[in-house]
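The values are calculated or read from the model by the stated rules, or taken from the named source; none is laboratory data. Everything numeric here is computed off the predicted structure, so don't read it as measured data. Here the Cβ is made from the backbone with ideal geometry for all residues, glycine too, and neighbour counts use every protein chain on show. All accessible areas refer to the heavy atoms of the entire protein, side chains included, with ligands and DNA or RNA removed. Shrake-Rupley method; radii C 1.70, N 1.55, O 1.52, S 1.80 Å.
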Amino acid sequence: QTTKILSYSVVDMRYNNKKGAITEIGVPVAANVLGKIIAERNADDLSYIVYALSSLYGQFNTVTIDSAGIYISTPVGNLTTAQSSGYVAVSPNGEQLAHGTIINGVNHIQLYSRDPETNLLSNPQLIDLGIAAPPEVYGLAFSPSNGLLYVSLKGGSGVNSKLIQLNVGAGTEAQIAASQTLISERPEEFGALGLGPKYGVGSKQIYLTINNQNFVPYIQDPDEIG
C-alpha cells in the first residue's frame, strides 16, 4: 500500500532440510498497484492469473504465473473514477468478477463478466447498494452456484456493520440492486468473506471474519435466496 509496487518472493523448499528458505525477496512486478489483489487458477489448471487494481489506470493489471515464469499483460476492464474499497471476488465458475467502490459517499459493487479462457473482463455493471459510507463495502463472496453475491460492509466506532445478499442473476443493474437482502446488522466490525473450500468437491459454506472475535461464523446454505 505504501510503495504501490506489486512484488513477489521465492521460497525454495529444497533448502533447510526440506523446510524451505527464502531465496529471493521483493522482486518488483508492477507499479501503481493498490492493495486490491486476487489470484485465480487458470482454465488449464497449470497456471494462475493475478488481478491487481492499478491506481494509475483505473484498471486491473493481469499477471500470469506458470512453471516458466511470470508474465504481465495489458490492463483489463474499465473502472469508474471512484474510491476503491475492500476485496475482489471471482465466482466459482470463473465467469464473474466483483469488487467494491464508493461513489459520492455511497457504496457500490462493480460486476464484470469474465472469460475464463482469456481472463478478459467485459460488460461492467455498477450496482448502487443505496447505503451511505460508513459502513464501507469490504468483503465479497459468490455462492457455490455463482448466482448470489454476499457483501460485508465494515462498520465499527458506533456504526453498525451489515451483511447483505445480492442476486447477481436478477438482470439489469437496477434489478440486481433491488434484490438486496439484509442478512445481518451488528455493531461489531465485519471483515472479509470467503467461500470454502474453494476448489474440489464437497459442501461449501461462506465464512465471515469479525474483528476481535475468536470464532468464524458461516452461512450454511449460501445458495438459498434470502
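Scanning region 136-162 for residues that are assigned to a strand (DSSP E or B) and open to solvent by less than 30 Å² (accessible area, probe 1.4 Å) yields a count of 13. The set of residues in region 186-210 that are open to solvent by 80 Å² or more (accessible area, probe 1.4 Å) and either without any contact (Cβ under 8 Å) to a residue 12 or more places away in the chain or within 21 Å of the chain's Cα centre (by Cα) (or both) comprises Lys198, Tyr199, Val201, Ser203, Tyr207.
Rundown of residues vs (1) under 28 Å from Ala98 (Cα atoms); (2) loosely packed, with under 12 Cβ neighbours inside 10 Å; (3) modelled with pLDDT of 90 or more; (4) hydroxyl-bearing (Ser, Thr, Tyr), yes/no style:
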residue	(1), (2), (3), (4)
Ile5	yes, no, no, no
Arg14	no, yes, yes, no
Ile25	no, yes, yes, no
Asp45	yes, yes, no, no
Leu56	yes, no, no, no
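With the requirement that a residue be closer than 18 Å to Ala141 by Cα and in contact (Cβ under 8 Å) with a residue 40 or more places away in the chain, what does region 100-120 give you? Of everything in region 100-120, those that are closer than 18 Å to Ala141 by Cα and in contact (Cβ under 8 Å) with a residue 40 or more places away in the chain turn out to be Gly100, Asn107, Ile109, Leu111, Pro116.
Ala31 passes every criterion in (1) under 30 Å from Ala133 (Cβ atoms); (2) open to solvent by 50 Å² or more (accessible area, probe 1.4 Å); (3) at pLDDT 85 or above; (4) among the small types (Gly, Ala, Ser) apart from (3).
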